[in-house]
1. Run down Arg232, Arg196, Arg191, Arg214 and say which single residue is at pLDDT 95 or above, of a type outside the set (Ser, Thr, Tyr), more than 10 Å from the chain's Cα centre (by Cα) and farther than 25 Å from Glu309 by Cα.
2. Gly149 versus (1) farther than 30 Å from Val25 by Cβ; (2) surrounded by fewer than 24 Cβ atoms within 10 Å (Cβ to Cβ): which is the lone unmet condition?
3. Among the residues of segment 64-79, write down those that are in contact (Cβ under 8 Å) with a residue 60 or more places away in the chain and buried (at least 17 other Cβ atoms within 10 Å of the Cβ).
4. Working carefully through the options Gly192, Gly198, find the one that is surrounded by fewer than 24 Cβ atoms within 10 Å (Cβ to Cβ), out of contact with any Ser or Thr (no Cβ under 7 Å at 6 or more places or on another chain) and on the phi > 0 side of the Ramachandran plot.
5. Quick one: count up the residues across segment 414-444 that are of a type in the set (Asp, Glu), assigned to a helix (DSSP H, G or I) and open to solvent by 10 Å² or more (accessible area, probe 1.4 Å).
6. Quick check: is even one residue across segment 221-234 under 28 Å from Thr279 (Cβ atoms), in contact (Cβ under 8 Å) with a residue 24 or more places away in the chain and open to solvent by 50 Å² or more (accessible area, probe 1.4 Å)?
7. Only residues that are in a loop (DSSP other than H, G, I, E, B) and more than 21 Å from the chain's Cα centre (by Cα): list them for segment 91-116, please.
8. For the subset of segment 80-102 comprising residues that are free of Cβ contacts under 8 Å to residues at least 40 places away in the same chain and not β-branched (Val, Ile, Thr), which member is nearest to Ile312 (Cα to Cα)?
Amino acid sequence: MIKDAYKLTASEALALFASGKLTSVELVKSCLEQITATDDAIRAWVYLDPNAVIAQAEECDRIRKAGLATGPLHGIPVGLKDIIDTADMPTGRGTPIFKGRQTEQDARLVELLRQAGAVIMGKTITTELAFVHANETRNPHNPDHTPGGSSSGSAAAVAAYHVPLAVGTQTNGSVIRPASFCGTFGFKPSRGVISRTGLLATSDSLDQVGCFGRSLADVALLTDVIGGYDGRDSTSFARPRPPMAQGAAQDAPVPPSLVWFDLPFNDRLSDVACEGLDTVLEILGPQVTRMAPADTLSNLVAVQARIHEYEICAQQADVFLGHWDQISDTLKPVIERGRKITRAEYEDALAVKASAEAFFRDFFTEYDAIIAPSAAGEAPLFGPNTGDPIFCTLWTLAGLPCVTLPLLVGETGLPIGVQLIGPAEKDNRLLRTARWLQLQLAEAS
């Protein structure tokens, strides 16, 4: 028995499985003990059935012992954001409107996890309808603070050592920001890499799936497993996916060329975040070009909001109409604003989005990645809102791959992430650049 097995990364646990020094049951029981010890304060989970989880782990161990084929996540526990459908667990979507909701079909990404041998640990708490209003999850580093949203439970579960891996979604900043606040690695691959079939739809143009882990290798591995073409998803593309784990393990052949944008909203950064990022930029020196972008780039924030608000009102119209009394006072004004957006205004926003995508296709012919804040600073105090997503908005709108690395610490000891953004469908190169960045900063420390 490995002491404190719950602290292992997925990659470490897989190596111990292969050597016979650890079983899936031992890992799962260690994680369950950690959940029992800490989740009363953190509240990362909305659904967890320990007996069912142990049964999954026992089956994984039986398969391995019998010499049958095993998958790349065989025996590894994974948490799922509670907007991802599962045939054997309810999917409540963060609202009493869908309490006890049960589907007969797994989401496509859940099918792929099962095929890879993963143990589906349970459902992690999300914000109301995966949007602006917080639910009860707290930051594992300090429960007086938010874990971010809307993938709050997934980020907190990984940070609290409840599971080595978890899946979330991002329509604005809902993977990168909570990963930053909770001190985990967060990776949102290029739009269309991971199928959204079987997930709550809030914005067909913007919804994207992402991963949480405690190492770069782990988020890459999870993305490889759940990535793939799905003709039922309008954004899924019928081409091979970049090899994520391969990219995360590679050394950069030459030092990458990075860009830092001096955006108008950089003044929202906390002093400590500014100081930390300035230190990172100083260490990287000539590898970073500082650039003042055209005003149109910062104007994309309003474009993202217009598309998101219009589409959630269209896609969840029946829910809002039939359950208005069960909608929070945080979300109601957003819905009312979204209902006032005209079709012409929405189509104009989509045209600007397409222009942004074209801009970044050309931009990345000269640069390997953009370096940026993951969030405005440390996690703010817990409240109805989950923090400012603005440092993720542009990249999500354009569908670019983004990764946050837990590199900085704020003045109260809470983590702060550093974000890298790369060219669409070259996610492996972005992960390679992220590995390079980690090594550069480790050598300088």
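The values are calculated or read from the model by the stated rules, or taken from the named source; none is laboratory data. Just so we're clear, the structure is a prediction, and the values are computed from it rather than from any experiment. Cβ sites come from the backbone with ideal geometry, for glycine too, and all protein chains shown count toward neighbours. Note: areas computed on protein heavy atoms with side chains; ligands, DNA, RNA excluded. Shrake-Rupley method; radii C 1.70, N 1.55, O 1.52, S 1.80 Å.
1. Working: Arg232 fails: farther than 25 Å from Glu309 by Cα; Arg196 fails: farther than 25 Å from Glu309 by Cα; Arg191 fails: farther than 25 Å from Glu309 by Cα.
Step by step, each of Arg232, Arg196, Arg191, Arg214 is checked, and only Arg214 is at pLDDT 95 or above, of a type outside the set (Ser, Thr, Tyr), more than 10 Å from the chain's Cα centre (by Cα) and farther than 25 Å from Glu309 by Cα.
2. (2)
3. Looking only at segment 64-79, we keep the residues that are in contact (Cβ under 8 Å) with a residue 60 or more places away in the chain, and these are 71-79.
Across segment 64-79, the qualifying residues are Gly71, Leu73, His74, Gly75, Ile76, Pro77, Val78, Gly79.
4. Working: Gly192 fails: out of contact with any Ser or Thr (no Cβ under 7 Å at 6 or more places or on another chain).
Exactly one residue qualifies, and that residue is Gly198.
5. Step one: list which residues in segment 414-444 are of a type in the set (Asp, Glu), which gives 425, 427, 443.
This time we only want the ones that are assigned to a helix (DSSP H, G or I), so: 427, 443.
This time we only want the ones that are open to solvent by 10 Å² or more (accessible area, probe 1.4 Å), so: 443.
Number satisfying all stated conditions: 1.
6. No, because not a single residue in segment 221-234 is under 28 Å from Thr279 (Cβ atoms), in contact (Cβ under 8 Å) with a residue 24 or more places away in the chain and open to solvent by 50 Å² or more (accessible area, probe 1.4 Å).
7. Scanning segment 91-116 gives Lys99, Gly100, Arg101, Gln102, Thr103, Glu104, Gln105.
8. Here the answer is Phe98.
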